[in-house]
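Chemist: Here's a structure for you.
The values are calculated or read from the model by the stated rules, or taken from the named source; none is laboratory data. Only a predicted model underlies this, so the values are computations on that prediction, with no experimental measurement involved. All Cβ positions, glycine included, derive from the backbone under ideal geometry; neighbour counts span all protein chains shown. Please note that ligands, DNA and RNA were not included when accessible areas were found on the heavy atoms of the full protein model with its side chains. Shrake-Rupley method; radii C 1.70, N 1.55, O 1.52, S 1.80 Å.
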Amino acid sequence: MRRIRIGYAFALTAGLAGPLALVACSSGDSSGVQAPSQTTVTPSSRPDASPSATPTTTPPATTNTPTGKPSTPGKQPETGPEPGYDRSAFSRPTMFTNKWFPLRPGTRLNYRGQTIEDGEAIPHTVTFIVTDLTKVIDGVRNVVLWERDYREGVLEEAELAFFAQADGGDVWHFGQYPEVYEGGQLTEVPAWIHGVEGARAGITIKAKPQLGGRSYSQGWGPAVGWSDRAEVFKTNQKTCVKAGCFQGVLVTDETSADEPGAHQLKYYAAGIGNVRVGFYGNDPTKETLELVSVQRLSKAGLAEARAAALSLEKRAYRYSKDVYGRTAPMK
C-alpha cells in the first residue's frame, strides 16, 4: 500500500496503540523543509471550535478476522483495475470541484508525523505542492503535484503525481514518478503511468462517497506492484490536527494486495483534502501524519516549485525511459 507521503496527512506519540493509532494535535511548526516564498492562509473549510484533539471515530465492529474489520463470509478480496474509465468523460479535467480533493495551483500542504521502525519512532514530514503545470496522459490533461517526503530531515522520496477530475466529479489518478533515496543515493524509480506496461488509472476519491459500496481501485500498476484500493470507512466525523479542527470529515480505508491485513485510514475535510492519516491491522510501518499548515505560494514561490518539478521530470526521462519516456512533457 502506498505510504501516504502526501502529506495529505498527519505526530503520533511514541507507544500510542489501538485500532486507529492516531495522533493528537501537536505544538510547534517545524516541517523539516525550507519553503519557497509563500503566504499562510486559513483553511477554506471552517474549523470547528471544539478544543478536543481526539478523533471521535470508533474502531470497526470486531469479527473473527485478525484485523477486526468486518468481513462477509465467502467474499473474495476485490482486485484489478477500476472498470468504467472513459477518456471522453473528462471534458474539464483540470477544474476540480470535488470538495474532498480540491487541487488549486499554488497550494502547499505541510504534514508531520512518524513511522515505527524496529520499535523506534522515526520523525517524518511531507510537503505537497499543487503546481501550475499539466501533463496530458491518454488524451486527458492532468494537474501535476510535486511531493517531497523527509525521514529525520533527510529527503527520502521526491515525486510527481498526476490527477484529473471526471465530469461526474470523481478524481482519477493517472500515475506517478517517484524517486526513492537511501543515504542520499537514488535507489529506485518505480514509475507507473496509465496506458504503459498494463497500468490503468484509478479513482483517488469519489464525488459522492457512500458507506457499504464496493471498494475502488486507486490505480493499477502491475509492473511496480501498485494495487491500492479504497472504500468508505466512516462519514460525518470530527478530527483535530495542528491546522485546525474539522467536522463532517470523511474517512476512507485503503488496502493493498501487497500488504494483506494492513489498513491505512485517511481523513478528508471538505475544502481542504487529506488532513490526517492513521492505521489499524498489520501495518508494517504504522505511519501517521497530520496536516500542520495550508499555504498559498507567492508568484515567486510558485515559479520555484514549477522549476523544481520540471527538473524532476528531466530526470524522469533519463531514469524511466520505458515508462515515463513514453509520455508528453509537462507544460
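Chemist: Would you pick out the residues in segment 148-171 that are among the aliphatic types (A, V, I, L, M) and either more than 20 Å from THR204 (Cα to Cα) or within 13 Å of the chain's Cα centre (by Cα) (or both)? Before the answer, list the steps.
Modeler: At the first step, the residues of segment 148-171 found to be among the aliphatic types (A, V, I, L, M) are 154-155, 158, 160-161, 164, 166, 171.
VAL154, LEU155, LEU160, ALA161, VAL171 - these are the residues of segment 148-171 that are among the aliphatic types (A, V, I, L, M) and either more than 20 Å from THR204 (Cα to Cα) or within 13 Å of the chain's Cα centre (by Cα) (or both).
Chemist: Of all residues in segment 283-314, how many are open to solvent by 20 Å² or more (accessible area, probe 1.4 Å) and more than 24 Å from THR107 (Cα to Cα)?
Modeler: Total meeting the criteria: 3.
Chemist: Could you please tell me which pairs satisfy a Cβ distance under 7 Å, a separation of 6+ or placement on different chains, a first residue in segment 298-326 that is at pLDDT 95 or above, and a second residue that is hydroxyl-bearing (Ser, Thr, Tyr) and surrounded by 16 or more Cβ atoms within 10 Å (Cβ to Cβ)?
Modeler: ALA305/THR131; ARG306/THR131; ALA309/THR131; ALA316/TYR177; ALA316/TYR324; TYR317/TYR324; SER320/TYR177; TYR324/TYR177
Chemist: Where the second residue is in a loop (DSSP other than H, G, I, E, B) and of a type in the set (S, T, N, Q) and the first is farther than 11 Å from THR252 by Cβ and lies in segment 202-220, which pairs have Cβ atoms under 6 Å and are six or more apart or on separate chains?
Modeler: From residues that are farther than 11 Å from THR252 by Cβ, the pairs are GLY202/GLN218; ALA207/ASN98.
Chemist: Moving on to the next point. Looking at ASP132, ASP138, ASP86, ASP167, which one is on the phi > 0 side of the Ramachandran plot, open to solvent by 20 Å² or more (accessible area, probe 1.4 Å) and among the charged types (D, E, K, R)? Even if it seems obvious, please write down each step before you answer.
Modeler: Values: ASP132 fails: on the phi > 0 side of the Ramachandran plot; ASP86 fails: on the phi > 0 side of the Ramachandran plot; ASP167 fails: on the phi > 0 side of the Ramachandran plot.
Selected residue: ASP138, the only one of ASP132, ASP138, ASP86, ASP167 that is on the phi > 0 side of the Ramachandran plot, open to solvent by 20 Å² or more (accessible area, probe 1.4 Å) and among the charged types (D, E, K, R).
Chemist: Same structure again: Look through segment 141-160, keep the residues that are buried (at least 23 other Cβ atoms within 10 Å of the Cβ) and either of a type in the set (S, T, N, Q) or in contact with a His (Cβ under 9 Å, 6 or more places away or on another chain) (or both), and return whichever of them is farthest from GLU197 (Cα to Cα).
Modeler: Among residues in segment 141-160 that are buried (at least 23 other Cβ atoms within 10 Å of the Cβ) and either of a type in the set (S, T, N, Q) or in contact with a His (Cβ under 9 Å, 6 or more places away or on another chain) (or both), the one farthest from GLU197 (Cα to Cα) is ASP149.
Chemist: While we're here: Quick check on my filter: what residues within segment 170-182 are open to solvent by 20 Å² or more (accessible area, probe 1.4 Å), assigned to a strand (DSSP E or B) and not aromatic (Phe, Trp, Tyr)?
Modeler: Keep residues of segment 170-182 that are open to solvent by 20 Å² or more (accessible area, probe 1.4 Å), which gives 170, 180-182.
Going one step further and asking which of them are assigned to a strand (DSSP E or B), we end up with 180-182.
Matches in segment 170-182: VAL180, GLU182.
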